[in-house]
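Working notes, structure below.
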Amino acid sequence: MRIDLKKSGPIFIFILFLGILFANGFSRTGQSSDFSDYYEASRNFKLGKDLYSLDALSEVVKDFESGKLKIDQIFDPEVFFRIKAKVENVGSYIYPPTFAFLLIPISHFEFETASAIFFTINFFALIGSLFLIGRLLGKEKAFLFLSAVLLLCLRFVENHQNNNQVGFLLLFLILISISVQKDWLSGLVLSLAIVIKITPAAFLFYFLYKKRPMVILYTILFAMGWIALPALYDPEFTWKMNQTWYDLVLDKYMKSPALRAWKNNQSLNSTLSKYFLPYSDLLNQGRFGMPFISLTVNQVKAISAILSLGIAGPYLYKVYKGASEGFVLSGLFFFSIIFSGISWIHAFVFLLFPTAFALSKLWPKEEEPFVQWNLWKEKFLEHRSSTIFVLVSFLVLIMNRSFIGNIAEEAILMFSFLLYTSLIQYFSLFRSDRAV
C-alpha cells in the first residue's frame, strides 16, 4: 500500500501538533489554575455560599468591629496568614453566576477529574474552532494552513491551556453563531457566550452588518433565559449573586478602568491605568517608574474614550464603505481583546481568526506549487500588510520568557506589549482587505 505524502503529510502534522498540545496541557490539569476558581464557585453554588467570597471579607470586618481581632494583631504571623487565607479569594471568580451553575455537573467529581474534563471540552472546542475558521475562509481541508495558524498563536494557546481557561469554548460558540443559518440557533449560542463573559456581545454588530436583526432579538431573549436558569435551582440565591456580580464587576468597571489593571492585563483600559493611575498595580508600578503622570479616574476614562473612537472609528467607516466579511469579523475579535476590561495573555486566543484571515492572503491556492520561493516572494510583496501581520505574530511568539528571560518579559508585559502588537496587526488589515 502506497501512502500519498502530499495528502496525508499535512494531516499527520496537524494531528501530531494537536496531540502534543493535548498531552502537554492534560498533564497540567491537576495543578491550580483559573479552573480552580470556576470549580470552587460551582461547589459554592450547590452549597448556597457566596460565589465571590465577599462573605469572607465581611467576617474579617466583623471580627475587628466586635473586638475579636485588634489592629495591632494584624502582623502577628498566625493572625496575618489566617486573614490572608480568608480574603485572598475575594473576587477571584468574576464571571456571572450562570457559568458556575452550568459547571455543577462536573463539580461533583474530585478537582483533578473535573479539571481534566473541563480541559478536554475546551480542547475539542479549539479543534472545532479551527475547522470552522477554515470553513469560513475557504480552507476547510488545508490542514497545513490550520497548523500554521496554530503555530503563529502558540504562545496564547499554551498560556490558555496552562491556565485551563474558558476562551476556546467562547471562541467556538461565537464561530458557531456566525456559521449557522438559523437565527434562533445563532442567538442561543451567542447568548450563552455572552452570559459566560460579556465581551462576545461585540458580535451583535456582525448580525447588524449582515442585516439579521432577529438574531439580536433572539440573543437578548435567550440571554435573559440563561441568566434566569439558575433560579430554577435557588431563586433567592441566584438573584443575590447576580446583584453581587453586577456590583463587584460590571458597576466597578464602569466607574473605574482600574479593575484588575495588573501587569499581565493587556487591555487598553488596563494600560492607561498602569500608566496614569497610581493604585492600579501597587506591586509592579514602582518597579517600572509608573505612573508616568498621576491623573484622575475621569481623565483616564476621557483618554480611553478618545483612543477607543480613534481605534474603532476607521473600522466602522470601512465597514460602511464596504469590507469583506473576514475583515468585519477580524475587527470584532480584536475589539473583544482591546476593549475588554481584563485581557490576560490567554485572552489573545481570539486572534486565531484574524491570524488565519491575514495568512489566507499569503497562502498558495490548491493549484499553486507550495514549495516555490518566487511564488511566496510575489505574495509577500503583493500583500505587504498581511506579511507585516504574520511577522508581528512571529515576534510575539519569540518574545516570551523562554527566549528573553523573566525580567524582560515582565517589563514588556507591564508596558502592554501585546496591546501594541495587536494594534499594529489590526491596522495592517485595513490595507490588505479584499474578499477571500
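For the chain, what is Rg from Cα atoms divided by 2.2 N^0.38 Å, rounded to two decimals? Intermediate values should be presented prior to the final figure.
Working: Rg = 23.1 Å, N = 436, 2.2 N^0.38 = 22.2 Å.
So the Cα radius of gyration is 1.04 times the expected 2.2 N^0.38 Å.
In a reduced charge model with +1 at each Lys and Arg Cβ and -1 at each Asp and Glu Cβ, segment 230-308 shows a dipole moment near 380 debye about its Cα centre.
How many percent of the accessible area of segment 264-435 is carbon or sulfur, using a 1.4 Å probe? List each step's numbers first, then the result.
On the way: 5100 of 7900 Å².
So the carbon and sulfur contribution to the accessible surface is 65 percent.
Per residue, the accessible area of the chain comes to 49 Å² when a 1.4 Å probe rolls over the protein heavy atoms.
For the pairs Lys210/Lys318; Lys240/Lys274; Lys255/Lys321; Lys46/Lys240; Lys49/Lys301, flag any whose C-alpha to C-alpha distance is greater than 25 Å. Violating the 25 Å Cα-Cα cut-off are Lys240/Lys274; Lys255/Lys321; Lys49/Lys301.
Which one of Phe353, Phe123, Ile227 is farthest out on the positive end of the charge dipole of the chain, using unit charges on Cβ (Lys, Arg +1; Asp, Glu -1) and the Cα centre as origin? So the residue we want is Phe353.
Given 4 °C and 1.567 mPa s, compute D for segment 112-184 with the Stokes-Einstein relation, Rh being the Kirkwood radius over Cα pairs; round to the nearest whole µm²/s. The partial results should precede the final answer.
Numbers: Rh = 13.1 Å.
In µm²/s, the coefficient is 99.
Couplings 3J(HN,Hα) of segment 314-330, computed from phi: x, 5, 4, 5, 5, 5, 5, 7, x, 9, 6, 4, x, 5, 4, 5, 4 Hz, in residue order, whole Hz [Karplus 6.51 cos²θ - 1.76 cosθ + 1.60, θ = phi - 60°; x for Gly and Pro]. Once you divide the Cα radius of gyration of segment 264-435 by 2.2 N^0.38 Å, the number left is 1.17. Each of Ala23, Gly134, Ile198 was placed along the dipole of the chain (beta-carbon charges, centred on the mean Cα), and the one lying farthest toward the positive end is Gly134.
A simple charge model with +1 on the Cβ of Lys and Arg, -1 on the Cβ of Asp and Glu and nothing else charged puts the dipole of the chain at about 1320 debye relative to its Cα centre.
Computed from the alpha carbon positions, the gyration tensor of segment 163-230 leads to an equivalent ellipsoid with semi-axes of 18, 14, 10 Å, biggest first. The overall shape of segment 246-297, judged from the alpha-carbon gyration tensor, is prolate: a/c is not under 1.5, and a/b is greater than b/c. Note on the chain: helix-only mean residue ellipticity at 222 nm, from DSSP H runs of 4+ residues weighted -39500 (n - 2.57) and normalised by residue number, equals -21000 deg cm²/dmol.
Within the accessible area of segment 122-222, what % is carbon and sulfur when the probe is 1.4 Å and the other protein chains stay in place? Please list the in-between numbers first.
Values: 2600 of 3750 Å².
Heavy-atom surface of segment 122-222 belonging to carbon and sulfur, 1.4 Å probe: 69 percent.
The dipole here belongs to segment 264-435: it is taken about the Cα centre, uses +1 on the Cβ of Lys and Arg and -1 on the Cβ of Asp and Glu, and is about 340 debye.
The values are calculated or read from the model by the stated rules, or taken from the named source; none is laboratory data. No experiment lies behind these values; they were computed from the predicted model shown. Cβ sites come from the backbone with ideal geometry, for glycine too, and all protein chains shown count toward neighbours. For accessibility, only protein heavy atoms count, side chains too; no ligands or nucleic acids. Shrake-Rupley method; radii C 1.70, N 1.55, O 1.52, S 1.80 Å.
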